[in-house]
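One structure below.
The values are calculated or read from the model by the stated rules, or taken from the named source; none is laboratory data. Bear in mind the structure is a predicted one, so any value in this text is a computation, not a measurement. Glycine gets a Cβ as well: all are built from the backbone with ideal geometry, and neighbour counts include every protein chain shown. Just the protein is used for accessible areas: all its heavy atoms, side chains included, with ligands, DNA and RNA removed. Shrake-Rupley method; radii C 1.70, N 1.55, O 1.52, S 1.80 Å.
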Amino acid sequence: MVNLLKKNEVNAWMKLPWSTANEDLVELFETTGNVEIAEILFDGSRSKGSGVVQFSQTAEAETAIGKSSS
């Protein structure tokens, strides 16, 4: 999993399994902070293998970035 954006409440994640659902992103990141939005990006009906997660606070997003890069 790779994060594309930094120092923001919204983070884009790449290299997700194509089977990942929105609920999977929420479950993965709710241990880091309050997930307001979690959406998998699609090209038609097929997952692009990436998604966007929005946290309520920048600090929560930064924690998620730190966890994913360790």
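Which of (1) under 18 Å from Thr20 (Cβ atoms); (2) part of a helix (DSSP H, G or I); (3) not small (Gly, Ala, Ser) is the odd one out, the single condition Phe42 does not satisfy?
Unmet condition: (2).
Restricting to the stretch 24-44, what's the tally of residues that are touching a Ser or Thr at 6+ places or on another chain (Cβ under 6 Å) and open to solvent by less than 30 Å² (accessible area, probe 1.4 Å)?
To start, the set of residues in the stretch 24-44 that are touching a Ser or Thr at 6+ places or on another chain (Cβ under 6 Å) comprises 32, 34, 36, 40-41.
Then drop every residue that is not open to solvent by less than 30 Å² (accessible area, probe 1.4 Å), which leaves 32, 40.
Summing the residues that are touching a Ser or Thr at 6+ places or on another chain (Cβ under 6 Å) and open to solvent by less than 30 Å² (accessible area, probe 1.4 Å) in the stretch 24-44 gives 2.
Filtering the stretch 4-29 down to residues that are assigned to a loop (DSSP other than H, G, I, E, B) and closer than 11 Å to Ala61 by Cα, which residue is modelled with the highest pLDDT?
In the first step, residues of the stretch 4-29 are kept if they are assigned to a loop (DSSP other than H, G, I, E, B); the result is 4-9, 15-21.
Adding the requirement that they be closer than 11 Å to Ala61 by Cα leaves 5-9.
Working: Leu5: 51, Lys6: 52, Lys7: 52, Asn8: 63, Glu9: 76.
Filtering the stretch 4-29 for residues that are assigned to a loop (DSSP other than H, G, I, E, B) and closer than 11 Å to Ala61 by Cα, the one modelled with the highest pLDDT comes out as Glu9.
Which members of the stretch 45-70 meet the condition of being part of a helix (DSSP H, G or I) and open to solvent by less than 20 Å² (accessible area, probe 1.4 Å)? Outline the logic, then answer.
From the stretch 45-70, those part of a helix (DSSP H, G or I) are 58-68; that's our starting set.
Selection gives Ala61, Ala64.
Any residue in the stretch 16-29 that is within 17 Å of Phe55 (Cβ to Cβ) sitting within a Cβ distance under 7 Å of a residue that is assigned to a helix (DSSP H, G or I) and open to solvent by less than 100 Å² (accessible area, probe 1.4 Å)? List the pairs, counting only those 6 or more apart or interchain.
These pairs meet every condition: Phe29/Ala64.
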